[in-house]
Amino acid sequence: MSTAPMRGVILYGPPASGKDTVTRALSDIDPEFSLFSRVKVGPGRSAGYRMGTPEQLEELRASVAVVYENSRYDSVYVTDRPGLDEAFAHGVPVMHLGQVDGVRAVLNGYPAEWLTVLLWSPREVTEARSTGRGDADTPARLDAWDATRADLDANPDFSFDLTIRTDEIGQEAAAEQIRQALTTPRGELVLVDFDDTLIDRLAAVTAWVSRYCTGHGLGAEVEQRMLEAMRVRADLDVIEGLCAELGLPESPSGLWSRYEPELAALVAPFPGVIEALTAVREAGHQVVVVTNGGAKIQHAKLTAAGITDVVDAVCISGEIGIRKPALEIFETAAASVGRDLLQGGWMIGDNADLDVAGGRKAGLRTVWISHGRDWPGGVEPDFVASTAVEALTHVGGAR
């Protein structure tokens, strides 16, 4: 299962907009937050930077370790990959940037979950703050304010996750807004069924039954009866019943012990499912598989199909003792990624009762995967998709 992404904060704004004071307030709220010290090569202020030499700058450039660099106040400022690695290893880095191109470079050049924050204050506030703290370069800072305003005007397509007017609210309130925005999931909760939604379970069961019957010389009637009994659900109870009814040549426990690994080896995701799941998560949503079944066999199938690696969590009825459509299994699935059903979300599945009616009762929007079937009736889904890929594509864009 994938690990939670690294999280960091990018504060963008003109000089004296409060980047330093808000960063200190964040650290006071939670020591995990700390200023990311960029490499600075040049004269002037050294506090808050890792001072470097021209030679070290060339080494960073040569080793392709520069994520972004810019020049201002006769100095070069560098956001470097080794420095970010170190910062994330110790907590939540807070980066100060004054160029939209720099924000884009970090978002695209360093894999993490970044919260971008525009801290804004009017030009006259920058002047008053700079003068009040005794800056010797206030005119240069006003020029930088003008450059920041022009930078924003030149990038109307760029949207920050959060905008805070620091001339209207205090640093503590600004820090709390940032903390809440960073810790609150920005995407949606996407619960998705497993069997015959993400994988073709029926095809795998059909293939297994056929191989078993052929290998033991069992006729078509036995094969048909086994498939009829196992097509929707197969567990030890079902196997015991088939052994007693059909006189199968193995004990129930022996047959079940071979069925689990052999079936897992036969499962495969529907075409495009892995890519669709990956795209939904890359769009910022959290994906949890919610499935009825035994823990051992479901985990084996999830792993064999490659699903475990592309979702945030799995919730299996055999592990928690609750089956769909009970409300509690949806609550448990949401809690597994720090969510509450009151926040809403989606349930995707092929079963009208377990997935659609159950998901709707849990307060979720629902998608029914038809596989070419007509809707059987009952509580209707919010969307009908013919395949899981269509369903995930719809949900991934329906924020």
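The values are calculated or read from the model by the stated rules, or taken from the named source; none is laboratory data. None of these values were measured; they are calculated from a predicted model. Every residue, glycine among them, receives a Cβ derived from its backbone with ideal geometry; neighbour counts consider all protein chains shown. SASA here: full protein model, heavy atoms, side chains in, ligands and nucleic acids out. Shrake-Rupley method; radii C 1.70, N 1.55, O 1.52, S 1.80 Å.
Here the accessible area of the chain is 52 percent carbon and sulfur, with a 1.4 angstrom probe and all protein chains present. Net charge in the neighbourhood of Asn155 (other residues with Cβ under 10 Å of its Cβ; Lys, Arg +1, Asp, Glu -1) is -3. Placing dummy labels 7 Å off each Cα toward the beta-carbon, the span from Ala89 to Asp101 is 3.1 nm. Projecting the Cα atoms of Ile199, Ala105, Gly284 onto the dipole axis of the chain, where Lys and Arg carry +1 and Asp and Glu carry -1 at the beta carbon, places Ala105 farthest toward the positive end.
With a 1.4 Å probe and every protein chain left in place, work out the accessible area per residue of segment 256-399 in Å², rounded to a whole number. Show your work: numbers first, answer last.
Working: 6170 Å² over 144 residues.
Result: 43 Å² per residue.
Taking only alpha carbon atoms, segment 98-140 gives an Rg to Rh ratio of 1.16, where Rh is the Kirkwood radius.
Share of pairwise Cα-Cα distances greater than 15 Å in segment 113-163 is 54 percent (whole percent). In the chain, the longest principal axis of the Cα atoms and the axis of helix 236-246 are about 20 degrees apart. Computed over the chain, the P(r) tail beyond 27 angstrom holds 61 percent of alpha carbon pairs.
Taking the charge dipole of the chain about its Cα centre, with +1 at Lys and Arg Cβ atoms and -1 at Asp and Glu Cβ atoms, the residue from Pro156, Cys315, Thr138 reaching farthest to the positive side is Thr138. Any chance you could check the Cα centroid distance between segment 88-142 and segment 226-244 for me, in angstrom? Computed from Cα coordinates, the inter-centre distance equals 64 Å. For the chain, the longest principal axis of the Cα atoms and the long axis of helix 138-153 meet at an angle of about 30 degrees. Spherically averaged projected area of the convex hull of Cα atoms, segment 12-133: 7.9 nm². A simple packing score, the average count of other Cβ atoms within 10 Å per residue, orders the peptides 202-212, 354-364 as 354-364, 202-212, with the highest score first. Charge tally around Tyr77: other residues with Cβ under 12 Å, Lys/Arg +1 each, Asp/Glu -1 each, net +2.
With the simple model of a label 7 Å out from the Cα in the direction of the Cβ, Leu227 to Ile169 spans 6.2 nm.
Measuring between their Cα centroids, segment 145-220 and segment 261-291 lie 13 Å from each other. Summing Lys, Arg as +1 and Asp, Glu as -1, what charge do residues with Cβ under 12 Å from the Cβ of Leu218 carry, Leu218 excluded? Computed value for this residue: -1. Beyond 17 Å, what share of the Cα-Cα pairs of segment 154-195 is found? Please give it as a whole percent. Tail of the P(r) past 17 Å holds 55 percent of the pairs. Overall, the ratio between the Cα radius of gyration of segment 1-74 and 2.2 N^0.38 Å, rounded to two decimals, is 1.34.
Rounded to the nearest 5, what is the percent of antiparallel bridges among the DSSP beta bridges in the chain? It would help to have the intermediate numbers written out before the result.
Working: 10 of 49 bridges.
Among the beta bridges of the chain, antiparallel pairing accounts for roughly 20 percent.
Nothing charged except the Cβ atoms of Lys and Arg (+1) and of Asp and Glu (-1): what's the magnitude of the dipole of the chain about its Cα centre? Round to the nearest 20 debye. Don't skip to the end; give the middle numbers.
Details: 36 positive and 58 negative charges, 89 e Å.
So the magnitude is around 420 debye.
The packing ranking of peptides 280-291, 117-128, 159-170, highest mean first, is 280-291, 117-128, 159-170, where packing means the average number of other beta carbon atoms within 10 angstrom of each residue.
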